[in-house]
Amino acid sequence: MDQDFDAGFSGEEYDTDEDCASEDDGIEVAQADAADAESSPSSDCQVLAPEQLSTELNKIAAETSAIVGLSPQLCRIALHHLRWSKEILLEKYYENESPQQFFKKFDRDFPLDLNYVVQALPPRSGTCLICYDQKMLTGLSCGHLYCLACWHSYLSTRFHEYPDPFVLCPEPKCKQVVGDEIAMKLLTNEADKRFYQRVLINSFVECNKLLKWCPAPNCDKVIKVSHPECRAVTCDCECTFCFKCSNEWHEPIDCELFHPECRAVTCDCECTFCFKCSNEWHEPIDCELLSKWIKKCSDDSETSNWLNANTKDCPKCHVTIEKDGGCNHMTYCPKCHVTIEKDGGCNHMTCRSQTCRFEFCWTCLGPWQPHGSGWYACNRFDDKAAKDARSQQENSRAALQRYLHYYNRFANHQNSLKFENRLMEQIKIKVDQMQAQSFSWIETQFLIKSVQVLNKCRRTLMYTYAFAFYLQPNNITSIFEDNQRDLELATEQLSEVLEREINPESDDLVVLKQKVQDKCHYVDTRRQVLLKHCQEGLERNQWIFRTAG
């Protein structure tokens, strides 16, 4: 049976700064396909449009109105101040001797007629109390009159600067509340009306820990997650605790909310993000370490990061060479020193000089051949220099080199993701060409899916380097680095296949499809193995993280 959307809010006081906690639920949770392994992080979430939440707000206000006899508009105002909890409103309402005493605690003026609807007075001619022009004026029951332009300017400014959906009359010291219905009438353009609707809905979203706005640009959807049941048990010693998580009983907050965990959710706009921190999905690193990593990268970007990202030492003579125009896709061939431009996501580079044709790794500038062998170690940081360091200067330099090792690889996969976003557009053109040559839609989708798999692996690899930066070396980290190496090598091989020229007329597409699908399956398997190992290490407390850095 569905619960009411507002059920389960906690709170004992009227203080609007207290934490809000809801286990709500008046909106049915859509059932995701459990067989889809990739969608499992979002299998219990629902994507909601603002209209659905607006309907739910009005439903809660109407239900409350039917019980206490207030107008729905006054109920919305009271619910806003009580974190949209119908239960708390009813409890506090009936604790007071009169409705007027109940409303006085909000430090707002409410009429004695509790069925009163906040509305504007009929327009009349007069002097506006803000601009002092002779215009048609309107106002609330308090009698303070302003022109429509000043009303709009006042409300628009207040809603943008102080996102409270129920503001007061512009007159200083006046406590008359501007209701939501009259606010919509006094706002004169559609953009401000839409913004106000979001402010009103946001007051509800922020009071429910199961709801969160999608962080994608220009997306107005809200993500709602469900949660498993938990129950209270009481020991003979009279200690009451949660049977599921063994903590003290935390009703009405469920275990996942009592111990918030980062998890992936996906909006209808295809943006996948972390429900806890609202950054893009960042497994295997957790939100706290990711926050430290982002801050460190930001703090160091003006000095060593900039120099390292925009210059390279010649592998032969060690002269520092600045990349042309500060771009991130220029380097020099380690063998013949001809300028090389990186125009794709693949890190397997081949010098275009016909007299050289040297194959090397963009990341470490070493020969490419070892990257396909058993002793590939491009992803590993050599700690020997740090162990040999004696002076403070040498230790600082070793620490910097260690950080740059991981930052360079993090940034390199980040840049490759940008290249591969362009690769998706190129692949879509190829798909259109293939469909124009009698290939069916279903026969060409393997290319689209392969780029999506490639992007997932790139993003996972990117965050493994932030994760690895904070790891203390032990036997388990060696396994992690092996898994990271295998995924990185497989990802580069898939990238190389996808970036090669595909000619629908001359290529055997059956062979190409089999090759791409095999590599996709292998690279995704390596990704799952790496993530599973990281998760098992967390569950078994095998990872030891550096506190400094």
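The values are calculated or read from the model by the stated rules, or taken from the named source; none is laboratory data. Everything numeric here is computed off the predicted structure, so don't read it as measured data. Here Cβ is always computed from backbone atoms with ideal geometry, including for glycine, and neighbour counts include all displayed protein chains.
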Could you figure out which of (1) under 33 Å from the mean Cα position of the chain (by Cα); (2) at pLDDT below 85; (3) of a type outside the set (A, V, I, L, M, F, W, C) isn't true of GLU505? (1)
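Quick grid of which residues meet (1) charged (D, E, K, R); (2) part of a loop (DSSP other than H, G, I, E, B); (3) more than 17 Å from LEU423 (Cβ to Cβ):
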residue	(1), (2), (3)
GLN445	no, no, no
ARG459	yes, no, no
THR464	no, no, yes
LEU494	no, no, no
VAL497	no, no, no
GLN517	no, no, yes
CYS534	no, no, yes
From LYS513, LYS519, which residue is over 20 Å from LYS292 (Cβ atoms), among the charged types (D, E, K, R) and modelled with pLDDT of 85 or more? LYS519
Counting only residues in segment 188-204 that are among the hydrophobic types (A, V, I, L, M, F, W, C) and surrounded by fewer than 21 Cβ atoms within 10 Å (Cβ to Cβ), the one farthest from LEU148 (Cα to Cα) is identified as VAL199
For segment 430-466, name all the residues that are of a type in the set (A, V, I, L, M) and under 29 Å from ASN483 (Cα atoms). LEU447, ILE448, VAL451, VAL453, LEU454, LEU461, MET462, ALA466
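Rundown of residues vs (1) of a type in the set (Phe, Trp, Tyr); (2) under 25 Å from the mean Cα position of the chain (by Cα); (3) modelled with pLDDT of 90 or more; (4) in a helix (DSSP H, G or I), yes/no style:
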| site | (1), (2), (3), (4) |
| --- | --- |
| GLN3 | no, no, no, no |
| GLY11 | no, no, no, no |
| GLU51 | no, yes, yes, yes |
| SER54 | no, yes, yes, yes |
| ILE60 | no, no, yes, yes |
| ILE77 | no, no, no, yes |
| ARG83 | no, yes, no, no |
With respect to THR464, is the statement that it is modelled with pLDDT under 90 and on the phi < 0 side of the Ramachandran plot true? no
Collect the residues in segment 447-493 that are within 30 Å of GLN435 (Cβ to Cβ) and either among the hydrophobic types (A, V, I, L, M, F, W, C) or surrounded by fewer than 19 Cβ atoms within 10 Å (Cβ to Cβ) (or both), keeping them in residue-number order. LEU447, ILE448, LYS449, VAL451, GLN452, VAL453, LEU454, ASN455, LYS456, CYS457, ALA490, GLN493
Residues that are at pLDDT 85 or above and within 23 Å of CYS457 (Cα to Cα), drawn from segment 530-549: LEU530, LEU531, LYS532, HIS533, CYS534, GLN535, GLU536, GLY537, TRP543
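Would you confirm, using the coordinates I've provided, whether ALA436 is over 24 Å from the mean Cα position of the chain (by Cα), at pLDDT below 85 and not assigned by TED's automatic domain parsing to the domain that holds HIS405?
no
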Which pairs turn up if I take residues in segment 482-496 that are closer than 11 Å to VAL523 by Cα and look for partners that are among the basic types (Lys, Arg) and buried (at least 19 other Cβ atoms within 10 Å of the Cβ) with beta carbon separation below 6 Å, at least 6 apart in sequence or on another chain? ASP486/ARG526; LEU487/ARG526; LEU487/ARG527; ALA490/ARG526; LEU494/LYS519
Among helices (runs of 4 or more DSSP H) lying entirely in segment 135-207, which contain 2 or more residues that are in contact with a strand residue (DSSP E or B) (Cβ under 8 Å, 6 or more places away or on another chain) and closer than 20 Å to ALA61 by Cβ? 190-205
Scan segment 152-182 for residues that are modelled with pLDDT of 90 or more and charged (D, E, K, R) and jot them down. ARG158, GLU171
Looking only at residues that are assigned to a helix (DSSP H, G or I) and in contact (Cβ under 8 Å) with a residue 60 or more places away in the chain in segment 419-442, which one is nearest to ASP508 (Cα to Cα)? MET434
